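First comes the structure, then the notes that go with it.
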Amino acid sequence: MFNKYLIPNAHNLPEGQALNITVEQSNFLITKQQGQIIAFENICPHQNKPLNWSSESVLDDEGDYLQCHHHGALFSPSDGVCITGPCQGSQLKKATVGIEQGHCYLLFA
C-alpha cells in the first residue's frame with residue numbers, strides 16, 4: 001500500500017520548469033519533461049545538501065538543467081544524472097509519481 005501526496009498544479013507546470021515541494025519534512029523537485037511529470041529528492045549527492053538556497057530556482061540560467069547552487073553541478077532533468085561538477089556520474093534520487101483521476105501524486109511505500 002502506498003501513501004500518496006498530491007503534487008499541486010502538476011499538470012499546469014510549464015514544460016521544462018521545476019517546482020519545489022515539501023512532504024513530511026522531505027524536499028522534492030518536480031519537473032515536466034516531454035509532457036511527463038518527474039520528481040527527485042532535492043538532495044545533491046555531492047554533499048547531501050538541497051540543490052537550491054531557500055526558494056531560488058533549481059534550474060540553470062538557460063533552464064536546461066537542474067543545478068546545485070552550492071557548487072554548480074548540473075543534472076539532467078529527465079533522469080537526474082549529474083553531467084558536470086564534483087559528483088559527475090552520480091544521480092539524484094528519483095521519487096515515484098503516480099497519476100489518479102487526472103491528479104499527480106508522490107507515492108511512498
### Message
Can you list residues from other chains, or at least 5 along the same chain, whose modelled amide H is less than 5 Å from the amide H of L59?
### Response
Q67
### Task
Tell me which label goes with the value of volume of the Cα convex hull per residue in Å³ computed from the coordinates here: (1) 99; (2) 114; (3) 86.
(1)
### Query
How much length, in nm to one decimal, is gained on full extension between D79 and Q25, taken as 0.36 nm per residue of separation minus their Cα-Cα distance?
17.1 nm
### Query
Got a sec to turn the phi values of region 64-69 into Karplus ³J(HN,Hα) couplings, 6.51 cos²θ - 1.76 cosθ + 1.60 with θ = phi - 60°, whole Hz, x for Gly and Pro?
8, 9, 6, 10, 7, 7
### Query
Which value, in Å² and to the nearest 10, is the accessible area of Y5 when all protein chains are kept and the probe is 1.4 Å?
60
### Query
Which of L29, L13, L92 moves most in a GNM of the chain, Cα contacts under 10 Å?
L13
### Message
If the elastic network links every pair of Cα atoms under 10 Å, which of Q91, Q17, Q25 fluctuates the most in the Gaussian network model of the chain?
### Response
Q25
### Query
Long-range amide H contacts for A95: which residues qualify at under 5 Å (H placed 1.01 Å from N, peptide plane, sequence gap of 5 or more or a different chain)?
A39, F40, E41
### Task
For T22, tell me the accessible area in Å² from a 1.4 Å probe, rounded to the nearest 10.
100
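The values are calculated or read from the model by the stated rules, or taken from the named source; none is laboratory data. All values derive from a computational prediction rather than experimental measurement. Heads up: the accessible areas ignore ligands, DNA and RNA and are worked out on the full protein's heavy atoms, side chains in. Shrake-Rupley method; radii C 1.70, N 1.55, O 1.52, S 1.80 Å.
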